[in-house]
Amino acid sequence: MFRVLGISDHFISGAAVVEDGRITTAINEERLARKKMLMGFPRQSIAKVLELASVNSEDLDYVAVASEWGHFLNKPVEVDAGVFAIDEGFIKNLFFSVGSKLSFLRSKVPILEPLYYQLRQPVFARRRNQVRKVLRDEFGIRCPIEFVSHHHAHAASAYYGSGFDDALVATLDASGDGHSSHIYEVNNGEWKHLHSVPSFDSLGSYYATVTHICGFTAGKHEGKITGLAAYGKPAYRDIIDRFIRYQEGTMVNVGNAFRAAAVHKLEAALPKNWSKEDLASTIQQASEEICSKYVEYWLKKTGQRNVALAGGVVANVRINQHIHELPEVDSVFVFPAMADEGLAAGAALLLTVEKQPENRMHGKKCFDHVYLGPEFSDREVADALESAGIEFREMDQPETEIARLISEGYVVARVNGRMEYGPRALGNRSILYRPDDPSVNNWLNDRLKRTEFMPFAPSTLAEDAHRSYLGLRGCNDTARFMTITFDCTEEMKKTCSGVVHIDGTARPQLVSEADNPSYYRIIKEFKRLTGVSSIVNTSFNIHEEPIVCTPQEAVRAFQDGHLDVLAIGPFLAKNAEADSRVRATSNRKIKTSS
Ligand SMILES: [Fe+2]
């Protein structure tokens, strides 16, 4: 067995174990430290993945650390201050602030950018030494430790996750190792690096700039902008075009501004009474166009027809839909942990291929599902419920009972099996509800103390996907992970108005029995009761916290969120007010077919 521990130690840090080219366990520090999108050295994740994989430090053949550059963040910090204001220490903040102020000089004085990175080299070297020291001293790791390129790690997750033999691999993010995008052509596992976009010319950074200007946290709340976009018009396109633009196979920061300077310049360019919705709509439209033209250029150049994607920008499900709809594209795959939360797995995959070239990894997927986190025994679950003083009982047939409760209008928080890797809850740490109530987005988000403009997503029986979504061709695999939107059929719009966006799209999770037998049975039974093949699936978390991991966290979120039912493993607990709430809204209850 060839075992590689993958680590990412910066944004949404985490760890993964890859054994003989397959991801067997993976987790991000946020889920263990209970702070959303935590950045910094992932001590808890490393210990957890080794424990889950039953791997001792002496069993490891290599450690792969994502990103060659960056500074050492010994103590994880929250991203809540946003990427523009985060306190990462005096020196780094000074570099960013000076870099941002001088960014307008970049094209006039070309030496500035290499000089900027050159000056930071001692910081990068210090990080590499510190990472090695911590792994040696605190984890007893003696095997070789190697640092791999940020974008190559993203690309490896996309390609080896896709199962494609031949593909165009595109990475798109705000920044990593001095770049915001890489393009590769891969044929039967042979990699060719075709193009890089510097961090300065970053579409992701401009999207973050808009997120910040709209009053949200840059680097964290970009999804809110994607949702908000559907409520506005792209009224400021002439302005955004003066900042970031597609040009001949690349992207160019024509605004010549970076970070804080970009914020000031863009704010100054906007009209007095600018609207958030219109600005969101503008950056979304520009991003969809820039990304699809960019990918199209490289598809035409290479003749490839399969596209594998990773990086924070492709967390944008609408951009992915536009790429999929290009006439040059047959298939699209988006790695489910697409942003930096997926780097640990990507780095470990990349090093596996490099060090064990005889292990043929292309053409077969490096994972079957994303249920790669911790799970808990029935005893642990019962203990958590008992110690919280919650009344509960064991269900005879959990899936049948859960489906019945959903069909009757109860909000069911479901915790079962291993926790998901990546940003989406896919049935094991999910809040489930019937799909026909268009008001659910408002009242349930209120109850969960969340602000969202994206509608909830549907989980749909894979075999009925064609009845619900248009243009699935070449996307069935990636649609298992809620990574892409589709236009909905009229039937879907009619029966599932709670999960269809005002632009007529939805971002589904297609569920098959092989992926998640228990979750599949719940939806199948729901269909038997109602004739509808989809249910609402939103992540089980409250108020800006990460998705729940342990039974204790599930119990607390159930209580804080005033949810109706907690179905955790084989046990069921009901909120005392659930029956009266459901009775009060029973006029909106889904029609049953039986
Ligand atoms: Fe990245």
Could you say whether any residue in the stretch 250-259 is more than 19 Å from Ser175 (Cβ to Cβ), open to solvent by 40 Å² or more (accessible area, probe 1.4 Å) and of a type in the set (D, E, K, R)? no
Contact list please: Cβ distance under 9 Å, first residue in the stretch 260-279 and farther than 14 Å from Thr211 by Cα, second residue part of a helix (DSSP H, G or I) and of a type in the set (S, T, N, Q), pairs at least six apart or on different chains. Ala261/Ser100; Ala261/Ser103
Could you count how many residues in the stretch 198-222 are within 15 Å of the ligand (Cβ to nearest atom) and within 18 Å of Ala280 (Cβ to Cβ)? 9
Failed condition for Val381, given (1) surrounded by 21 or more Cβ atoms within 10 Å (Cβ to Cβ); (2) under 19 Å from Val548 (Cβ atoms); (3) under 19 Å from the mean Cα position of the chain (by Cα): (3)
Hey, among the residues in the stretch 5-34 that are touching a helix residue (DSSP H, G or I) at 6+ places or on another chain (Cβ under 6 Å) and polar (S, T, N, Q), which one's farthest from Ile547 (Cα to Cα)? Ser8
For the stretch 149-177, which residues satisfy the criterion of being near the ligand (Cβ under 8 Å from one of its atoms) and closer than 15 Å to Cys366 by Cα? His154
Give the stretch 279-294 a look and list any residue that's surrounded by fewer than 24 Cβ atoms within 10 Å (Cβ to Cβ), of a type in the set (S, T, N, Q) and within 17 Å of Ser181 (Cα to Cα), or say none. Ser292
Which residues, counting only those in the stretch 403-419, are under 29 Å from Arg31 (Cα atoms), touching a Leu at 6+ places or on another chain (Cβ under 7 Å) and open to solvent by less than 30 Å² (accessible area, probe 1.4 Å)? Ala403, Ile406, Val411, Val412, Ala413, Arg414
Residues that are part of a loop (DSSP other than H, G, I, E, B) and either within 16 Å of the ligand (Cβ to nearest atom) or touching a residue at least 60 places away in the same chain (Cβ under 8 Å) (or both), drawn from the stretch 306-330: Gly311, Asn316, Glu325, Val329, Asp330
Hits in the stretch 531-561 - residues which are among the hydrophobic types (A, V, I, L, M, F, W, C) and within 22 Å of Asp437 (Cα to Cα): Val532, Ile535, Val536, Phe540, Ile542, Phe558
Given the conditions (1) open to solvent by 10 Å² or more (accessible area, probe 1.4 Å); (2) within 16 Å of the ligand (Cβ to nearest atom), report the number of the one that Tyr297 does not fulfil. (2)
Within the stretch 186-197, is even one residue within 15 Å of the ligand (Cβ to nearest atom) and either basic (Lys, Arg) or touching a Ser or Thr at 6+ places or on another chain (Cβ under 6 Å) (or both)? yes
Looking at Leu135, Leu94, can you tell me which residue is at pLDDT below 90 and either in a strand (DSSP E or B) or aliphatic (A, V, I, L, M) (or both)? Leu94
Of all residues making up the stretch 328-377, the number that are of a type outside the set (Asp, Glu) and either open to solvent by 30 Å² or more (accessible area, probe 1.4 Å) or over 19 Å from the mean Cα position of the chain (by Cα) (or both): 19
Within the stretch 164-205, which residues are aliphatic (A, V, I, L, M), surrounded by 21 or more Cβ atoms within 10 Å (Cβ to Cβ) and in contact with a helix residue (DSSP H, G or I) (Cβ under 8 Å, 6 or more places away or on another chain)? Ala167, Leu168, Val169, Ala170, Leu172, Ala174, Ile183, Val186, Leu203
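To keep it simple, each residue is scored yes or no on (1) without any contact (Cβ under 8 Å) to a residue 40 or more places away in the chain; (2) of a type outside the set (Phe, Trp, Tyr); (3) buried (at least 20 other Cβ atoms within 10 Å of the Cβ); (4) assigned to a strand (DSSP E or B).
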| residue | (1), (2), (3), (4) |
| --- | --- |
| Ile7 | no, yes, yes, yes |
| His10 | no, yes, yes, no |
| Leu32 | no, yes, yes, no |
| Lys35 | no, yes, no, no |
| Ala47 | no, yes, no, no |
| Leu50 | no, yes, yes, no |
| Val65 | no, yes, yes, yes |
| Asn74 | no, yes, no, no |
Restricted to the stretch 331-375, and to residues that are of a type in the set (Asp, Glu) and in a helix (DSSP H, G or I), which residue is farthest from the ligand (Cβ to nearest atom)? Glu354
Against the conditions (1) surrounded by fewer than 19 Cβ atoms within 10 Å (Cβ to Cβ); (2) at negative phi; (3) touching a His at 6+ places or on another chain (Cβ under 9 Å), where does Val263 fall short? Just the number, please. (1)
Among Arg424, Arg467, Arg429, which is among the basic types (Lys, Arg), open to solvent by less than 10 Å² (accessible area, probe 1.4 Å), more than 24 Å from Asp278 (Cα to Cα) and at pLDDT 95 or above? Arg429
Residues within the stretch 476-494 that are in contact (Cβ under 8 Å) with a residue 24 or more places away in the chain, open to solvent by less than 50 Å² (accessible area, probe 1.4 Å) and over 18 Å from the mean Cα position of the chain (by Cα), tallied: 1
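The values are calculated or read from the model by the stated rules, or taken from the named source; none is laboratory data. All of these numbers come straight from a predicted model, not from anything done at the bench. With ideal geometry, Cβ positions are generated from the backbone for all residues, glycine too; neighbour counts draw on all protein chains shown. Areas reflect the complete protein model, heavy atoms only, side chains present, ligands, DNA and RNA absent. Shrake-Rupley method; radii C 1.70, N 1.55, O 1.52, S 1.80 Å.
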